[in-house]
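First up is the structure itself, then whatever we jot down about it.
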Amino acid sequence: MADEKKWGGEPFWGLGYEWDPNWVLTDRQKELRETLIELCEKEMRANAKRSDDELLYPRRNLELMGEHGFLALTVPEEYGGLGENHVAFTMACETIARYGCASTAMCYVMHMAAVQTIMLRPTPELIEKYIKPLNSGKLGTLSYSDPETGSHFWYPFSSGAERSNGGYKVRKKASWTTSGGFADFYVVQTTSPDFSGYDDLSVFVIDGDYVKSQPSLWDALGLRGNQSGPIEVDNVEIPGDQIVGPIGDGAASNDEAVDPWFLIGSSSVWNGIALGAIDIAKRHTTRKRHVDVGMRVADYPTIQDYVGEAVMDTNACRLFVVSVAQAMDWATDDNTKQLEPGETARAEFLHWAWQIKFEAAKNVAHHVDKMLHACGGSGYKRDMELERYVRDAKAGWVMGPTNEVLRQFVGKAVLLGFDALDYWNQTYNRRVVENEVKKLDPAAKRELAEQLVAQAEKDEATAPKTTA
């Protein structure tokens, strides 16, 4: 790795390598980072402005990444990938968001999470059709959201699947799908055939030609290139080999693949945006002079305080993400261990992954504003690029699982235990129910009892038949 960070052959104008935790990266990972920075300087950063201005999907940026192997970064070398681990993935996501294009970085997160969901349960058919062609530019994405449940994306109310002609007929409505209308394949989660409750989920791969979308309707505050709009899969028939894992494996797949990869990747994007804003603030404040007092903006103690705190807080978030990624690497033998259904590794660290997303999203929202303050009125103008970083950063807090959901998850798990989280809405708070019933008079209690008995009889009549 070069001792000095370069930008177009010149010293980089932002933070140097002395402010990057280089000790967590292998020599090869440092070389991959150098390649990404070069791609960002030569093309990806300029494309970011066009994507933001024109709501343009960053296809060229993603093609560039495919040409250099990054679309298969964590895929085993035997399938054409770079064979890298979770730490390398966090580095790549952070680097793209920092030096290049945050929209591209988020599309990349969703692509790699889709790839790794397939790689959790690989089959020869899935490998041949979706994994080996990645370096030719084949792009995937996740589609797990639901218009009825919002950021509770693990609860796919508007979906379903049934067996059909030796394969499956799949229906799916999603409210937010990054790369919607542009991905070549979509990894989707639906309720299972013979659905028995909301923890009974299955995962399928749907080819892009069979996905309905309206990308022209996408118009957002930030991440304007990522085209995260609604999609629909309207009772599409797919072959039986396009299910990922066994029927009913969706909940386990969420915990072992989707959430871990998405959370370490997206957290790294938020950290990269924060670093990119700090880089811009350093460039501006060290060059801008107030001739009346003979000082640069960087010479004011207040500005030094802003930047110092931003660097320390952001590096704390970076190392928090890296530590969780390292834990996943240790649990999976550097992302080489093939897990059988029922076996977990990354899932053991899921509650840590919730924490890194919360902290990274909170940090970036706070410090991009401070960097805007440091740059003053100049930072408000679009030609400095800082205002784009500010807008892109705001997505972190509200992207599902939202920070409100995550802090409740953690607080509830700490105080009441993990079982109290009740993802699948299968338990009830008996104390609350009994307290509410106490408020009813005798007539109201009888009315409620009759309603409950009638509902129980209806549920029993429609419940799936079980065999002894």
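The values are calculated or read from the model by the stated rules, or taken from the named source; none is laboratory data. For clarity, every value in this text was computed on a predicted model and none was experimentally measured. When we count neighbours, we look across all protein chains shown, and the Cβ atoms used for this are built from the backbone with ideal geometry, even at glycine. These accessible areas exclude ligands, DNA and RNA; they are computed on the full protein's heavy atoms, side chains included. Shrake-Rupley method; radii C 1.70, N 1.55, O 1.52, S 1.80 Å.
Which of the residues spanning region 217-256 are at positive phi and surrounded by fewer than 17 Cβ atoms within 10 Å (Cβ to Cβ)?
If we filter region 217-256 for residues that are at positive phi, which is where we start, we get 223, 227, 235, 245, 248.
Within region 217-256, just 235 meets the criteria.
Restricting to region 9-30, and then to whatever is more than 21 Å from residue 315 (Cα to Cα) and modelled with pLDDT of 95 or more, can you tell me which residue is most open to solvent (accessible area, probe 1.4 Å)?
Restricting attention to region 9-30, the residues satisfying the condition of being more than 21 Å from residue 315 (Cα to Cα) are 9-11, 28.
Narrowing the set further to residues that are modelled with pLDDT of 95 or more leaves 10-11, 28.
Numbers: 10: 113, 11: 66, 28: 91 Å².
Applying the filter and picking the extreme gives 10.
Of everything in region 354-383, what is open to solvent by 50 Å² or more (accessible area, probe 1.4 Å) and either among the hydrophobic types (A, V, I, L, M, F, W, C) or within 15 Å of residue 311 (Cβ to Cβ) (or both)? Give them in sequence order.
Selection gives 366, 370.
Kindly establish whether residue 62 is closer than 30 Å to residue 217 by Cα, hydrophobic (A, V, I, L, M, F, W, C) and open to solvent by less than 10 Å² (accessible area, probe 1.4 Å). Explain how you work it out, then say what you get.
Values: closer than 30 Å to residue 217 by Cα: yes; hydrophobic (A, V, I, L, M, F, W, C): yes; open to solvent by less than 10 Å² (accessible area, probe 1.4 Å): yes.
Considered against the rule, which asks whether it is closer than 30 Å to residue 217 by Cα, hydrophobic (A, V, I, L, M, F, W, C) and open to solvent by less than 10 Å² (accessible area, probe 1.4 Å), residue 62 comes out as yes.
Only one residue in 400, 396 is within 30 Å of residue 97 (Cβ to Cβ), modelled with pLDDT under 90 and open to solvent by less than 80 Å² (accessible area, probe 1.4 Å). Which one?
After ruling out the rest, the residue left standing is 400.
Out of the residues in region 27-52 meeting the condition of being in contact with a helix residue (DSSP H, G or I) (Cβ under 8 Å, 6 or more places away or on another chain) and polar (S, T, N, Q), tell me which one is nearest to residue 103 (Cα to Cα). Even if it seems obvious, please write down each step before you answer.
Taking region 27-52 first, the residues in contact with a helix residue (DSSP H, G or I) (Cβ under 8 Å, 6 or more places away or on another chain) are 29-30, 32-33, 36-37, 39-41, 43-45, 47-49, 51-52.
When the remaining residues are screened for being polar (S, T, N, Q), the result is 29, 47, 51.
Working: 29: 22, 47: 10, 51: 8 Å.
Among those that are in contact with a helix residue (DSSP H, G or I) (Cβ under 8 Å, 6 or more places away or on another chain) and polar (S, T, N, Q), it is 51.
Checking residue 330 against (1) assigned to a helix (DSSP H, G or I); (2) touching a residue at least 12 places away in the same chain (Cβ under 8 Å); (3) not aliphatic (A, V, I, L, M), which test does it fail?
(2)
So that you can scan it fast, the table gives a plain yes or no per residue for (1) modelled with pLDDT under 90; (2) within 19 Å of residue 248 (Cβ to Cβ); (3) among the basic types (Lys, Arg); (4) over 23 Å from the mean Cα position of the chain (by Cα):
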{"site": "114", "(1), (2), (3), (4)": "no, no, no, no"}
{"site": "131", "(1), (2), (3), (4)": "no, no, no, no"}
{"site": "140", "(1), (2), (3), (4)": "no, no, no, no"}
{"site": "147", "(1), (2), (3), (4)": "yes, no, no, no"}
{"site": "167", "(1), (2), (3), (4)": "no, yes, no, yes"}
{"site": "170", "(1), (2), (3), (4)": "no, yes, no, yes"}
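Suppose the filter is at pLDDT 85 or above, of a type outside the set (A, V, I, L, M, F, W, C), more than 30 Å from residue 162 (Cβ to Cβ) and not in a loop (DSSP other than H, G, I, E, B); does residue 460 pass it?
Numbers: at pLDDT 85 or above: yes; of a type outside the set (A, V, I, L, M, F, W, C): yes; more than 30 Å from residue 162 (Cβ to Cβ): no; not in a loop (DSSP other than H, G, I, E, B): yes.
Considered against the rule, which asks whether it is at pLDDT 85 or above, of a type outside the set (A, V, I, L, M, F, W, C), more than 30 Å from residue 162 (Cβ to Cβ) and not in a loop (DSSP other than H, G, I, E, B), residue 460 comes out as no.
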